[in-house]
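Engineer: Right, I'll just put the structure down here and ask away after.
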Amino acid sequence: MNVDSKQSQSFLNATGVSMDNMALVIASLIVVAYFLWSAWVTLSYYEQWASKKNNISLYDVLSSAVRSVTLLSIILYIVS
């Protein structure tokens, strides 16, 4: 969504933060939340594999890690 200078200045006056900085903060929060979630999922797979629970194979652990890295790369590309 494109905004003109008057709208941008009104937002800056009302919040004390520019729209670009606010967008960067929101994007950063999304990336960090996804990164933590994917690390948690991969760690859960690893713990299940290490303790031989739920019939998890090493392939499941590796595919979870590769899937997390791929999606994180796509999200970082879209955000930037």
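Engineer: Using only protein heavy atoms and a 1.4 Å probe, report how much of THR15 is accessible, in Å² to the nearest 10.
Structural biologist: Here the residue's solvent-accessible area equals roughly 70 Å².
Engineer: Subtract the Cα-Cα distance of SER73 and ILE30 from 0.36 nm times their separation in residues, and report this length gain in nm to one decimal. Each step should come with its number before you reach the end.
Structural biologist: On the way: separation 43, 0.36 × 43 = 15.48 nm, distance 1.30 nm.
Full extension from SER73 to ILE30 adds 14.2 nm.
Engineer: Filter the trypsin sites (Lys or Arg not before Pro) in region 1-62 to those in DSSP coil with at most 15 other Cβ atoms within 10 Å of their Cβ, and list the result. Don't skip to the end; give the middle numbers.
Structural biologist: Numbers: sites: LYS6, LYS52, LYS53; in loops: LYS52, LYS53.
Passing sites in region 1-62 are LYS52, LYS53.
Engineer: Can I ask one more? For the chain, what are the DSSP H helices with axial Cα length of 20 Å or more and mean Kyte-Doolittle hydropathy of at least -0.5?
Structural biologist: Working: long enough: 19-50 (46 Å, 1.03); 58-79 (31 Å, 1.66).
Helices meeting the criterion: 19-50, 58-79.
Engineer: For semi-axes √(5λ) of the Cα gyration tensor in Å, the listed values are [x] 23, 12, 11; [y] 41, 12, 6; [z] 19, 15, 13; which was obtained by calculation from the structure presented?
Structural biologist: Among [x] 23, 12, 11; [y] 41, 12, 6; [z] 19, 15, 13, the one derived from this structure is [y].
Engineer: Let me ask you something else. Measure off, as a whole percent, the carbon and sulfur share of the 1.4 Å-probe accessible area of region 26-79, all protein chains present. Could you put the intermediate results ahead of the total?
Structural biologist: Values: 3010 of 4140 Å².
On region 26-79, the fraction of accessible area on carbon and sulfur atoms equals 73 percent.
The values are calculated or read from the model by the stated rules, or taken from the named source; none is laboratory data. What you see is a predicted model; the values in this text were computed from it and never measured. Backbone-built Cβ (ideal geometry, glycine too); neighbour counts: all protein chains shown. In case anyone asks, the SASA skips ligands and DNA or RNA and just uses the protein heavy atoms, side chains included. Shrake-Rupley method; radii C 1.70, N 1.55, O 1.52, S 1.80 Å.
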